[in-house]
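See below for the structure under consideration.
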Amino acid sequence: MANKSILGLFSTAEAAADATDVLAEAGLGQDSFDVLTGCPYPEGAFGEREQKHHLYVFPFIGAMMGFTVAILLTAGTQIAWPLVTGGKPILALPAMTIITYEGTLLGAVLFTILGIIFESRLPRPILSPYDTRITEGYIGIEVTCEAEWQLEAAENALRKANADDVIR
């Protein structure tokens, strides 16, 4: 069954914070709702869960992959077409460092962009309910449920918390 969402709008931060407590009393855990605001608030101001991200992993993996590809490319090229010049070694490390540096940075940058897209959960094929009043100062609490009875309980909890409007 597909997840369904409901959006409750609140005009004050205190009312939204109280609504998260009412949702918890209704049996909906912290992983079932998100707080949407147009203004910055400190993390956890509404009792929501702490967002975990793994963005720092993407540049590291990209850098290691870029480094590996650059080493394989430069060493492989020099070994495939060996040119002995004046008794110097076939693998010229000073020349390899420039390409290795550039490959490492390229991999890190590309994977950072991919990580930002991935962590931002883009593209979003299924859009949740949204109201433009959130950008005007209202605070929205979006509750996502799997079952219809949970959606009814969430709507009743939002109305009990004195939501200004509830959008399905």
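The values are calculated or read from the model by the stated rules, or taken from the named source; none is laboratory data. Only a predicted model underlies this, so the values are computations on that prediction, with no experimental measurement involved. Cβ sites come from the backbone with ideal geometry, for glycine too, and all protein chains shown count toward neighbours.
Out of Thr77, Thr85, Thr135, one residue alone is farther than 30 Å from Asp165 by Cβ, part of a helix (DSSP H, G or I) and not basic (Lys, Arg). It is Thr77.
Out of the range 3-21, which residues are surrounded by fewer than 18 Cβ atoms within 10 Å (Cβ to Cβ) and either touching a residue at least 12 places away in the same chain (Cβ under 8 Å) or in contact with a strand residue (DSSP E or B) (Cβ under 7 Å, 6 or more places away or on another chain) (or both)?
Asn3, Lys4, Ser11, Thr12, Ala13, Ala15, Asp18, Asp21
Criterion first (touching a Phe, Trp or Tyr at 6+ places or on another chain (Cβ under 8 Å) and either modelled with pLDDT under 85 or assigned by TED's automatic domain parsing to the domain that holds Lys160 (or both)) does Val35 satisfy it? Yes.
Restricting the first residue to the range 125-137 and requiring it to be farther than 10 Å from Leu9 by Cβ and of a type outside the set (D, E, K, R), which pairs with a second residue that is at pLDDT below 85 and in a loop (DSSP other than H, G, I, E, B) meet a Cβ separation below 9 Å and a spacing of at least six or different chains? Pairs found: Ile126/Ala2; Ile126/Asn3; Pro129/Arg168. When Trp149 is tested against (1) in a helix (DSSP H, G or I); (2) assigned by TED's automatic domain parsing to the domain that holds Phe33; (3) surrounded by 11 or more Cβ atoms within 10 Å (Cβ to Cβ), just one condition goes unmet, and that condition is (3). Against the test of being assigned by TED's automatic domain parsing to the domain that holds Glu25 and in contact with a Ser or Thr (Cβ under 8 Å, 6 or more places away or on another chain), the options Thr74, Thr144, Thr100 yield a single qualifying residue, Thr144. Scanning the range 43-74 for residues that are more than 23 Å from the chain's Cα centre (by Cα) and either surrounded by 14 or more Cβ atoms within 10 Å (Cβ to Cβ) or part of a loop (DSSP other than H, G, I, E, B) (or both) gives Gly66, Phe67, Thr68, Val69, Ala70, Ile71, Leu73, Thr74.
Go through the range 111-132 and give me each residue that's in a helix (DSSP H, G or I) and either among the basic types (Lys, Arg) or more than 18 Å from His53 (Cα to Cα) (or both). Across the range 111-132, the qualifying residue is only Thr132.
Residues are listed down the side, and each one gets a yes or a no for (1) touching a helix residue (DSSP H, G or I) at 6+ places or on another chain (Cβ under 6 Å); (2) closer than 26 Å to Val35 by Cα; (3) at pLDDT 95 or above:
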{"site": "Met64", "(1), (2), (3)": "no, no, yes"}
{"site": "Ala70", "(1), (2), (3)": "yes, no, yes"}
{"site": "Gln78", "(1), (2), (3)": "no, no, no"}
{"site": "Val84", "(1), (2), (3)": "no, no, no"}
{"site": "Leu91", "(1), (2), (3)": "yes, no, no"}
{"site": "Ala95", "(1), (2), (3)": "no, no, no"}
{"site": "Val109", "(1), (2), (3)": "no, no, yes"}
{"site": "Thr112", "(1), (2), (3)": "yes, no, yes"}
{"site": "Thr132", "(1), (2), (3)": "no, yes, no"}
